[in-house]
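**Student:** Okay, handing you the structure first.
Coordinate-derived values only; no laboratory data. Remember, predicted model here, so these are calculated numbers, not experimental data. Here Cβ is always computed from backbone atoms with ideal geometry, including for glycine, and neighbour counts include all displayed protein chains.
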Amino acid sequence: KAWLNVQLIEDKERREAYASLLGQVSVECKPTLVLQTALKELQQGIQALLGIAASVKEGSASRAEEENAGGLRIRLCPEANTQGERSQREDGFELQYMQAANGNEAIYLIGGSDKGIMYGVFHLLRMVASGKRAAELNTKESPANELRMINQWDNADGTIERGYAGRSIFYGNGRIASDLGRIRDYARLLASIGLNAISINNVNVHELETRFITEEQLPEVARLADLFRAYGIALFLSVNFAAPLQLGERNTADPLDAGVQSWWKDTAARIYSHIPDFGGFVVKADSEHRPGPFTYGRDHADGANMLAEALADYSGLVIWRCFVYDCMQDWRDRKTDRARAAYDHFKPLDGRFRSNVLLQIKNGPMDFQVREPVSPLIGALKETNQMVEFQITQEYTGQQRHLCYLVPQWKQVLDFDSYAQGEGSQVKRIADGSLYGTAHSGIAAVSNIGDEESWTGHILAQANFYGYGRLVWNPELTAEQIALEWAAATFGYNPTVTTVIIGMLMKSWAIYEAYTAPLGVGWMVAPNHHYGPDVDGYEYSRWGTYHFADRDGIGVDRTQASGTGYTSQYSEPNASLYENAATCPDELLLFFHHVPYTHILQSGKTVIQHIYDTHFGGADEAERLREQWAELEGQIDEASFVHVAERLAEQAEHAKHWRDVINTYFFRKSGIPDADGRVIY
Ligand code: GCU
């Protein structure tokens, strides 16, 4: 149940006060599927929190009743739908506390739509559980972002690409799961934090998943769509660009071929006959050996538009990923730069995409490293719908064996000012569509869940899942607020416990960064599985992920003056800020510059001393995390306590390993000893 593990309120007085208010629910709107879900959630929640069965009455109250009636009154705000406002408003809700002349208390839950009511129910239950009094419930909320999406990287064989919490809850043995119970629980979790779209299969679409769009598989996919629909979540599929070819129904996948175009149109018609509200396609094309339009001398606009044309009649969307780069590089070639690739590929196509295409751009130009600059493509597209892509699954941030709370990182990205339209062009304004007034926009993230009991492997990694949803709903929430909400909902409203957990979460990203790759350089991980240190693991490979460390210095020269020219992809003043080593923020220095080990950082330290200090310090801090958690023994349930304690012990040991591998490597390369004379092996 994760954060939906609602407990009976212990304070009897508060429980009774709420019981008289929430014990009677009157619903004054049409009972749709999503509204039924909302009412079921409400009744379950009231039962769990207050120990009572709420009575639900349908139909509008008469005027006389109205004036004095108490209880929870649910209704739709009729204007929200008719004024043609963006769907964000429809997904919104309002809670109003009122006291009638006769003393009766009432709460009005007014939704912009049935989905708005459902989000309002989850919000109401969260507030009641957190100890808020009825009079403090007044609020008006609507999500900042239109598409609030989760991407599963699950494969039909039951494995999960970059999954660290067991196997897929969606598939096993090449088939969609027959028991949908766990998937339904997942839908609840997603809806409870306001998410409204899901792609259910890996962006790398293999043979079995290529068949998801065939007549044979669609009834199965439709079962999942039915389930998600009840929670207001639209279902998307990742598709194989070469599907017509691979399924043996065409001899090409050329997007400009009439036969291919009609194949996709027929496919769209088939999908919509099974799933009338199907969300659309997610596409990874011409990326890491996946097929795409390049094979036929066509570009990404040709490819995306062809699919978009097929979906247009049904209001379906094509979410086309911008993770496109040359993965067959030569380390001797200092000009080709993977960081440049997304911008170089997509910026020239700006304005050519159909209105039902969105480009999905990873938050950084490389690949979800612990520290990267914000992708310069975000904001650079002025006439194209775009979405930001985050990674909740901790591929490069400790794989859910290390603690790494990512909400602060995502917030930094969303708050980053791209200056694309002058000051005030923050990424969050591009994601929410307001900067350019785009037709569609939003945020997607790669899921971190699997079939393990805890959902996320590390229980504390649930905070990333929860935090993602809350942040995408409202990017103005602070990382601490979100951590507090999550910790309290999960472990109970005990200030000692929540204070310790918030403290641990809030420091964890900095700690992880400290003992892993320094100063934004990234990639010092073991190839393939990406867990643990291997400084040269990718240094001579074809993936284009280099640090260029030699005996004299380290870092990638991405300047216009002497490097790859990547800095020019940013708007001013960011371009100059990064171009100049003296102004480039320390934490990104080696991403943008190749410098000697003796280069003095803005912090006043040399690069080499920074490497030593952060690695010794980071490993010590990891040890401290373990000690902090130990203080909670007896204050949270035993199983959770032990589970997290084990992970933190592993992290502390592994952090020492990281420390020693990195320090030894750079000591030997540079020949410069640690100023503090600490042990370097
Ligand atoms: C990373 C990741 C892959 C994934 C890819 C993508 O490279 O390691 O597993 O397929 O990103 O986002 O497409």
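**Student:** Distance from the Cα centre of region 369-421 to that of region 203-251, in angstrom?
**Tutor:** First find each Cα centre; the distance between them is then 28 Å.
**Student:** Please report the equivalent ellipsoid semi-axes of region 469-524, computed as sqrt(5 x eigenvalue) of the Cα gyration tensor, largest first, in whole Å.
**Tutor:** Working: eigenvalues 138, 50, 12 Å².
After diagonalising the Cα gyration tensor, the semi-axes are 26, 16, 8 Å.
**Student:** Now, a different point. Can you say what percent of the DSSP beta bridges in the chain, counting only those with both residues inside, are antiparallel? Round to 5.
**Tutor:** Numbers: 18 of 65 bridges.
About 30 percent, rounded to the nearest 5.
**Student:** For region 338-488, report the translational diffusion coefficient in µm²/s to the nearest whole number, using Stokes-Einstein at 37 °C, 0.692 mPa s, and a Kirkwood Rh over Cα pairs.
**Tutor:** Working: Rh = 16.0 Å.
After rounding, the answer is 205 µm²/s.
**Student:** I would also like to ask the following. State to the nearest 20 debye the size of the charge dipole of the chain about its Cα centre, where the only charges are +1 on K and R beta carbons and -1 on D and E beta carbons.
**Tutor:** Working: 63 positive and 89 negative charges, 101 e Å.
That gives the chain a dipole magnitude of about 480 debye.
**Student:** For the ranges 374-384, 598-608, 292-302, what's the packing order if you count other beta-carbon atoms within 10 Å of each residue, average per peptide, and put the highest first? It would help to have the intermediate numbers written out before the result.
**Tutor:** Working: 374-384: 22.4, 598-608: 16.5, 292-302: 18.6.
Ranked by mean Cβ neighbours within 10 Å, highest first: 374-384, 292-302, 598-608.
**Student:** Another question about this same structure. With the dipole of the chain worked out from charges on the C-beta (+1 for Lys and Arg, -1 for Asp and Glu) around the Cα centre, which of Gly163, Asn202, Gln400 lies farthest toward the positive end?
**Tutor:** Asn202
**Student:** Which value in Å does the Kirkwood hydrodynamic radius of region 567-663 take, with 1/r averaged over all unlike C-alpha pairs and then inverted? Don't jump to the answer; show the numbers that get you there.
**Tutor:** Details: mean 1/r = 0.0620 Å⁻¹.
About 16.1 Å for region 567-663.
**Student:** Over region 241-359, what lengths in whole Å, largest first, do the semi-axes of the equivalent ellipsoid take, defined as the square roots of 5 times the eigenvalues of the alpha-carbon gyration tensor? List each step's numbers first, then the result.
**Tutor:** Working: eigenvalues 156, 52, 27 Å².
Whole-Å semi-axes of the equivalent ellipsoid: 28, 16, 12.
**Student:** Which whole-number percent gives the relative contact order of region 244-324, counting Cα pairs below 8 Å spaced six or more residues apart? Could the numbers behind the result be given before it?
**Tutor:** On the way: 94 pairs, mean separation 26.7, N = 81.
Worked out over region 244-324, it gives 33 percent.
**Student:** Would you mind checking the tilt of helix 12-22 against the longest principal axis of the Cα atoms of the chain, expressed as 0 to 90 degrees and rounded to 10?
**Tutor:** Computed tilt is about 70 degrees.
**Student:** Which of the peptides 136-148, 391-403 is most tightly packed, and how do the rest follow, going by the mean number of other Cβ atoms within 10 Å of each residue?
**Tutor:** Numbers: 136-148: 19.3, 391-403: 25.4.
Taking the mean over residues of other Cβ atoms within 10 Å, the ranking is 391-403, 136-148.
**Student:** How long are the three semi-axes of the equivalent ellipsoid for region 107-212, computed from the Cα gyration tensor as the root of 5 times each eigenvalue, in whole Å, largest first? Working shown, then result.
**Tutor:** Details: eigenvalues 248, 41, 26 Å².
Values for region 107-212, descending: 35, 14, 11 Å.
**Student:** Percentage of Cα-Cα pair distances in region 413-524 greater than 25 Å, rounded to whole percent? Intermediate results must be reported in sequence, preceding the final value.
**Tutor:** On the way: 2346 of 6216 pairs.
The proportion of pairs with Cα distances above 25 Å equals 38 percent.
**Student:** Further question on the same structure: With only Lys, Arg, Asp and Glu charged, each at its Cβ (+1 for the first two, -1 for the last two), find how big the charge dipole of region 549-681 is about the Cα centre; round to the nearest 20 debye.
**Tutor:** 660
**Student:** If you find the alpha carbon centre of region 1-60 and of region 463-492, how far apart are they in angstrom?
**Tutor:** Centre-to-centre distance over Cα atoms comes out at 23 Å.
**Student:** Take the alpha-carbon centre of region 653-673, take the same for region 133-202, and report the distance between them in whole Å.
**Tutor:** 40
**Student:** Now for a different question. Separation between the Ser568 and Lys382 pseudo-spin-labels, each 7 Å from Cα along Cα→Cβ, expressed in nm?
**Tutor:** Spacing of the two 7 Å Cα→Cβ label points: 1.9 nm.
**Student:** Set Lys and Arg Cβ to +1 and Asp and Glu Cβ to -1, take the dipole of the chain about its Cα centre, and tell me which of Trp523, Ser603, Asn305 lies farthest positive.
**Tutor:** Toward the positive end, the furthest listed residue is Asn305.
**Student:** Right, something else. Return, for the Cα atoms of the chain, the radius of gyration and Dmax in Å, separated by a comma.
**Tutor:** 26.0, 86
**Student:** Which of Ala53, Phe465, Phe390 sits closest to the plus end of the dipole of the chain, meaning its Cα is farthest towards the positive end, when Lys and Arg get +1 and Asp and Glu get -1 on the C-beta?
**Tutor:** After comparing all options, I get Ala53.
**Student:** Could you pull the Rg and Dmax for region 172-285, using just the Cα atoms, both in Å?
**Tutor:** That works out to 14.6, 45 Å for Rg and Dmax.
**Student:** Under a Cβ-only charge scheme (Lys and Arg +1, Asp and Glu -1), can you give me the dipole magnitude of region 349-449 about the Cα centre, in debye to the nearest 20?
**Tutor:** 140
**Student:** Follow-up. 222 nm [θ] for the chain, helices only, -39500 (n - 2.57) per DSSP H run of 4+, per residue, to 500?
**Tutor:** On the way: 22 runs with 255 residues, N = 681.
So the calculated ellipticity at 222 nm is -11500 deg cm²/dmol.
**Student:** Of Lys335/Lys605; Lys335/Lys362; Lys12/Lys140; Lys132/Lys507; Lys30/Lys57; Lys362/Lys428, which ones are farther than 20 Å apart at the Cα? Mind dumping the intermediate values first?
**Tutor:** Numbers: Lys335/Lys605 30 Å; Lys335/Lys362 22 Å; Lys12/Lys140 29 Å; Lys132/Lys507 28 Å; Lys30/Lys57 12 Å; Lys362/Lys428 14 Å.
Flagged as over cut-off: Lys335/Lys605; Lys335/Lys362; Lys12/Lys140; Lys132/Lys507.
**Student:** Ok, one more. Explain nothing, just the number: relative contact order of the chain, from Cα pairs under 8 Å at least 6 residues apart, as a whole percent.
**Tutor:** 11
**Student:** Over region 467-559, what relative contact order in percent results from Cα pairs under 8 Å that are six or more residues apart?
**Tutor:** Working: 73 pairs, mean separation 12.5, N = 93.
That works out to 13 percent.
**Student:** Could you please report the charge total around Ala17, scoring K, R as +1 and D, E as -1 over all other residues with beta-carbon less than 9 angstrom from its beta-carbon? Provide the component values of the computation, followed by the final result.
**Tutor:** Values: positive: Arg14, Arg15, Arg133; negative: Glu13, Glu16, Glu105.
Local net charge: 0.
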